[in-house]
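One structure is given below, encoded as structure tokens.
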Amino acid sequence: MYPKCLLIYLALSLTLGHVVAQSEPGEPSKSSSDDLFSLHKQLVDIESISGSEAKVGDFLVSYLQSHGWTVEKQSVNGPRFNIFAYTGNNNPKVILNSHFDTVPPYIPYKVEGDKIYGRGTNDAKGSIASQIMALKELRRESPDLANEVGLLYVVGEESDCSGITKANELPLTPEAFIIGEPTENKLALGHKGRLGFQVISEGVAAHSGYPELGRSAITQLVNVASVLNSIVFPGSHPILGSDTLNIGLIQGGVAANVVPASANLTVGIRIATNPMEVWETVQKIVGNPLGITLKLTSAKESVLLDTVEGFETMVAKYGTDYNCYSGKAKKKFLIGPGSILVAHTPNEYILKSDLITAVELYKKLIIRLLNPKM
Ligand SMILES: *[C@@H]1O[C@H](CO)[C@@H](O)[C@H](O)[C@H]1NC(C)=O
Ligand SMILES: [Zn+2]
């Protein structure tokens, strides 16, 4: 850097420092929202589809270290790792958590007005950027409180819970565990569980000119599909509502002139009630048609969450890493910027104003938890 540039740089930093000092409480200063958007952009710019999260992990590690955090990397498998960071207590009372993997495909960062488009802008790099900013601000304003807050960022949330499952082994006993996922900045009252199963159909192959010599695996399967679609699950939960079924994948067959010997369905049920009771209902209603086998692949309970006064609330109809979290945190929260309705879509975006609000909300929640008098 040339001496002249250095002087301009110093003058600029002093001016910016001045702006920070003068901003109204509650109003984000220009420089802190710039910091927020810049961190958010850097996170989104690095592709991190589940399974290849290491690059964005490396970025997070160096970002947090250069801002004074003590950072631990926890290996998950191969080059993949979780990140645990803290400033004071290495077994902090509050943990801010989210995931740094995304669903495919990668979509580049693009700003249009107040909207920031791109994969992960919302789910969940918006949560990560605003959590880190909230804690950075808290470290300036109340370092004692900030020293009781840790950051736990994991891989694999969008695929198989592998990150949080590994993180369960860390010797952490937080009083409060806060997951950041898109909830439109509202505290979730709870979220659904999930039941996954396959319907496997085995028939007898034959030439399509002589169908009476075979038995169509697809015809058998389509009958089961229509039975599944007609199920009305009897139970419901006062907060989470009813169980809903989706046939998400159908596979099988060879060609129009072959009676198919095999076909299958992959089915997911969002569980509001009890996964095993729902599974029994499915088995009972489907019965034992010829050539059909049902195979359970996963069952996750629904999760009820905590709230505090002064926050709006919502119900999340999706799953989160709480489905695999086995820690004993006394209180569990779920809150983050952005709408789940655009997450995982080609138009994934987040509003700049929602990111700024999320920083305030995370700070407010932490302060409420650690110092209820404030
Ligand atoms: C489902 O069908 C596809 C296509 O025929 C096949 O590759 C797959 O192995 C089947 N899965 C099961 C569990 O039978
Ligand atoms: Zn997510």
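The values are calculated or read from the model by the stated rules, or taken from the named source; none is laboratory data. Treat the numbers as computed from the prediction; the structure is a model and nothing was measured. Using ideal geometry, Cβ is built from the backbone for each residue, glycine included, and neighbour counts are taken over all protein chains shown. Side chains included, ligands, DNA and RNA excluded: accessible areas come from the protein's heavy atoms. Shrake-Rupley method; radii C 1.70, N 1.55, O 1.52, S 1.80 Å.
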Highest-MSF residue in the chain out of Gly268, Gly252, Gly51 [GNM, Cα springs under 10 Å]: Gly252
Accessible surface, 1.4 Å probe, highest first, among residues His99, His67, His237: His67, His237, His99
Residue order for Tyr210, Tyr318, Tyr153, Tyr117 - accessible surface, 1.4 angstrom probe, largest first: Tyr210, Tyr117, Tyr318, Tyr153
Binned Cα-Cα distances of the chain, short to long, each 20 Å bin given as a whole percent: 26, 49, 20, 5, 0
MRE, 222 nm, helices only [DSSP H, n ≥ 4, -39500 (n - 2.57), over the chain, to nearest 500]: -10500 deg cm²/dmol
Heavy-atom accessible area order for Met314, Met276, Met133, largest first, 1.4 Å probe: Met276, Met314, Met133
Leu290 accessible area, 1.4 Å probe, all protein chains in place, Å² to nearest 10: 120
Selected from Ile46, Ile250, Ile95 as most flexible by GNM, with the chain as the system and alpha-carbon contacts under 10 Å: Ile250
Radius of gyration, Dmax [the range 178-245; alpha carbons; angstrom]: 20.3, 61
Spacing of the two label points (7 Å from each Cα toward its C-beta) at Ser230 and Arg368, in nm: 4.7
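Tally up the carbon and sulfur contribution to the accessible surface of the chain as a whole percent, 1.4 Å probe, everything protein left in place.
55
Just the number please: accessible area per residue for the chain, 1.4 Å probe, all protein chains included, in Å².
Spelled out: the 1.4 Å probe surface of the chain, per residue, equals 48 Å².
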Residue pairs, from the table Lys93/Lys363; Lys93/Lys364; Lys136/Lys317, whose Cα atoms sit over 24 Å apart: Lys136/Lys317
Surface accessible to a 1.4 Å probe, Lys93 within the full protein complex, Å²: 90
GluC sites (Glu not before Pro) restricted to the range 105-209 and DSSP loop, no more than 13 other C-beta within 10 Å: Glu169
P(r) tail fraction, the range 298-374 - alpha-carbon pairs more than 18 Å apart, %: 54
Reachable lysines, given that their alpha-carbon falls under 22 Å from the alpha-carbon of Lys55 and they are not under 8 places away in the same chain: Lys41, Lys73, Lys110, Lys125, Lys166
Furthest towards positive pole of dipole, Phe100, Tyr349, Pro238, structure part the chain, Cβ charges: Phe100
Top of Lys284, Lys331, Lys364 by mean-square fluctuation, Gaussian network on the chain, Cα under 10 Å: Lys284
Estimated inter-spin distance, Ser353 and Asn223, nm [label 7 Å along Cα→Cβ]: 5.7
Estimated inter-spin distance, Gln42 and Thr173, nm [label 7 Å along Cα→Cβ]: 3.6
